[in-house]
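First up is the structure itself, then whatever we jot down about it.
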Amino acid sequence: MADRLIELQAVFQNGTQTDIKKRLHEEHPADSAAALEEIGPQQAWQILRLADVPLRALIFGYLDHHFQALLATVTPRSDLAAIMMGMKADERADLYKEISEEQRDALMPAIAQVEREDIRRLASYEEGTAGAIMTSAYASLLPDLSATDALTALRREAPDKETIYRTYVIDANRRLIGSVRLQDLITAPAQARVADIMETNTHALVVTDDQESAARRIARYDVLALPVVDELQRLVGIITHDDALDVMEEEATDDFHRVATITNLASSVATATIPRLYRARISWLMLLVFGNIFSGAGIAYFEDTIAAHLALMFFLPILIASGGNAGSQSATLMVRALATGDISLSDWSRVLGRELGVAVLLGLSMAAAIAVIGIFRGGREIALVIALSMVLIVIVGSLIGMLLPFILSRFRADPATASTPLVTSIADATGVLIYFSIARTILEMQ
């Protein structure tokens, strides 16, 4: 796939207009979009303009939102309006939110009033909610229609809708009362009423629902789409499975970034500038630098013990790394379980007991392995210090990693912030104190 995209990019950059136009109509719009994103927006528009308007809209819809905004700055107003008219309802609402206020003011008069009102309505919903990712391109039926009349109505609506495999049944006030599968309409008696065929359990979402929970519900019920209603139970849109997949990918990427203490990386790594990447990474790294000072302060506090037993320094990196690794494992498990809904905030006490048991077993196993080396390196006293320290450090590190996501969730922060660097930094500082406190206690008794 990578070689093919490189070859397509080469055609776009060096081919004749005839060759480029031919390839644009041969390739899947997603592949064309991926190749265009590797080219500057000015040249990308010169290539895109060779396609007919419906294909332009399709390709534009597959572009990264950040690149869409860049491309919109070099696309003539009339062409951009035509592209937006051909895009899916939710895609053009996303583009509307990406472009500047000046571009909106110049662009909207060139768009038909119905589409203009639809764009503004969809763009008005708060980011991160079901309303922000839904589309208004859904099919609806009245309950008193016969199966034959319903199929006739769907034939008229089908070209402009995202899906007609499940159609939503509404009353005169547009309140959602059920849904009907296309398969059931086709196989039903010709005069059967839609009300008699429909299913009343729609699993409807509310516009204010969190987008991630909405995506999970689509995955849970294994459906192509779910309806979205307002506070009066009126049907206002649907969320389709492809948009749900986009949300899940976006949320997973965001969680990965937070786990690595990378923040506010609005664009992809491929298109991000050096200043943007720097800003996304520097804040947490600077904070963790000062956090690690506590580890250094702990070592300085125990200088006399270290000077008297230099063999202790040999095991310091091993013990500290073990606590951080154990904590990182626990944090990763908890963050993912909280994100998927596998556990909830109220489960913390049950999980705590189980994690404590696992941590004790892990600590004992690792202590047995390292104590043998301790005997040869520093004698039985050092081996005892190493073994006890390993058990306690692994237990404390594991509990830190397990509890931190719950604490953050309790204060309505993202549990993914309980990242590997953060857990490791806390575990390092506590590990140093545990290790040298045990060393001083035991070795000074000898």
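The values are calculated or read from the model by the stated rules, or taken from the named source; none is laboratory data. Please read these numbers as outputs of a predicted model, since none were measured by experiment. Virtual Cβ from ideal backbone geometry, glycine too; neighbours counted across all protein chains shown. The area values use the complete protein model at the heavy-atom level, side chains included, leaving out ligands, DNA and RNA. Shrake-Rupley method; radii C 1.70, N 1.55, O 1.52, S 1.80 Å.
Looking only at residues in region 339-352 that are part of a helix (DSSP H, G or I) and charged (D, E, K, R), which one is farthest from Glu212 (Cα to Cα)? Steps first, answer last, please.
Kept after step one, since they are part of a helix (DSSP H, G or I), are these residues of region 339-352: 339-340, 345-352.
Filter again for charged (D, E, K, R), leaving 347, 350.
On the way: Asp347: 21, Arg350: 25 Å.
Across region 339-352, the extreme among qualifying residues is Arg350.
Would you check if Tyr165 is in contact with a helix residue (DSSP H, G or I) (Cβ under 6 Å, 6 or more places away or on another chain), open to solvent by 50 Å² or more (accessible area, probe 1.4 Å) and of a type outside the set (A, V, I, L, M)? Reasoning before the result, please.
Numbers: in contact with a helix residue (DSSP H, G or I) (Cβ under 6 Å, 6 or more places away or on another chain): yes; open to solvent by 50 Å² or more (accessible area, probe 1.4 Å): yes; of a type outside the set (A, V, I, L, M): yes.
So Tyr165 passes the test.
To keep it simple, each residue is scored yes or no on (1) open to solvent by 20 Å² or more (accessible area, probe 1.4 Å); (2) under 30 Å from Glu250 (Cβ atoms); (3) of a type in the set (Lys, Arg).
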| site | (1), (2), (3) |
| --- | --- |
| Leu362 | yes, no, no |
| Met390 | no, no, no |
| Val396 | yes, no, no |
| Leu404 | yes, yes, no |
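Could you grab the pairs with beta carbons closer than 6 Å, sequence gap of 6+ or different chains, first residue in region 366-389 and farther than 8 Å from Phe315 by Cβ, second one open to solvent by 80 Å² or more (accessible area, probe 1.4 Å) and part of a helix (DSSP H, G or I)?
Close Cβ pairs satisfying both conditions: Ala383/Ile375.
For Leu122, indicate whether it is open to solvent by less than 40 Å² (accessible area, probe 1.4 Å) and over 24 Å from the mean Cα position of the chain (by Cα). I'd like the intermediate steps shown before the answer.
On the way: open to solvent by less than 40 Å² (accessible area, probe 1.4 Å): yes; over 24 Å from the mean Cα position of the chain (by Cα): no.
Judged against the criteria, Leu122 is not a match.
Mind checking whether some residue in region 124-135 is in contact with a Leu (Cβ under 8 Å, 6 or more places away or on another chain) and hydroxyl-bearing (Ser, Thr, Tyr)?
yes
Just to check your reading of the model, which residue among Asp222, Asp230, Asp246 is open to solvent by 60 Å² or more (accessible area, probe 1.4 Å), modelled with pLDDT of 75 or more, more than 30 Å from Ala35 (Cα to Cα) and not aliphatic (A, V, I, L, M)?
Details: Asp230 fails: open to solvent by 60 Å² or more (accessible area, probe 1.4 Å); Asp246 fails: more than 30 Å from Ala35 (Cα to Cα).
Residue meeting the stated conditions: Asp222.
So, in region 49-77, how many residues would count as being out of contact with any Leu (no Cβ under 8 Å at 6 or more places or on another chain) and among the basic types (Lys, Arg)?
Final tally of qualifying residues: 1.
Give me the pairs: first residue in region 336-347 and more than 11 Å from Arg216 (Cβ to Cβ), second residue open to solvent by 60 Å² or more (accessible area, probe 1.4 Å), beta-carbon distance under 7 Å, and six or more apart or on different chains, which are they?
Taking only residues 6 or more apart or on different chains, the pairs are Leu345/Arg410.
One line per residue, one yes/no per condition, for (1) in a helix (DSSP H, G or I); (2) touching a residue at least 40 places away in the same chain (Cβ under 8 Å):
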site: Pro54; (1), (2): yes, no
site: Gly61; (1), (2): yes, no
site: Leu70; (1), (2): yes, no
site: Thr75; (1), (2): no, no
site: Asp90; (1), (2): yes, yes
site: Glu102; (1), (2): yes, no
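Please go through region 340-361 and give me each residue that is farther than 26 Å from Ala387 by Cα and either over 27 Å from the mean Cα position of the chain (by Cα) or among the polar types (S, T, N, Q) (or both), ordered by number.
Thr340, Ser344, Ser346, Ser349, Arg350
Looking at Asp160, Asp149 in this structure, which one is open to solvent by 30 Å² or more (accessible area, probe 1.4 Å), under 30 Å from Arg193 (Cβ atoms) and at pLDDT below 90? Before you say what the answer is, go through the steps one by one.
Details: Asp149 fails: at pLDDT below 90.
From the options Asp160, Asp149, the qualifying one is Asp160.
Go through region 76-86 and report how many residues are surrounded by fewer than 22 Cβ atoms within 10 Å (Cβ to Cβ) and not charged (D, E, K, R). Before the answer, list the steps.
In the first step, residues of region 76-86 are kept if they are surrounded by fewer than 22 Cβ atoms within 10 Å (Cβ to Cβ); the result is 76-79, 81-82, 85-86.
Those still in the list that are not charged (D, E, K, R) too: 76, 78, 81-82, 85-86.
Counting residues in region 76-86 that are surrounded by fewer than 22 Cβ atoms within 10 Å (Cβ to Cβ) and not charged (D, E, K, R) gives 6.
Among the numbered criteria (1) surrounded by 12 or more Cβ atoms within 10 Å (Cβ to Cβ); (2) assigned to a loop (DSSP other than H, G, I, E, B); (3) not polar (S, T, N, Q), which single criterion is violated by Glu355?
(2)
Test of understanding: among Arg56, Arg49, which residue is of a type in the set (Lys, Arg), modelled with pLDDT of 90 or more and more than 30 Å from the chain's Cα centre (by Cα)? Break it down into steps so the answer makes sense when it comes.
On the way: Arg56 fails: more than 30 Å from the chain's Cα centre (by Cα).
The unique qualifying residue is Arg49.
If the Cβ limit is 9 Å and pairs must be 6+ apart or interchain, which residue in region 151-168 that is over 20 Å from His241 (Cβ atoms) pairs with which residue that is of a type in the set (A, V, I, L, M, F, W, C) and assigned to a helix (DSSP H, G or I)?
As it stands, the answer is Leu151/Leu182; Leu151/Leu185; Leu151/Ile186, since those pairs meet every condition given.
Somewhere in region 274-282, is a residue at pLDDT below 75, part of a helix (DSSP H, G or I), open to solvent by less than 60 Å² (accessible area, probe 1.4 Å) and over 30 Å from Pro41 (Cβ atoms)?
no
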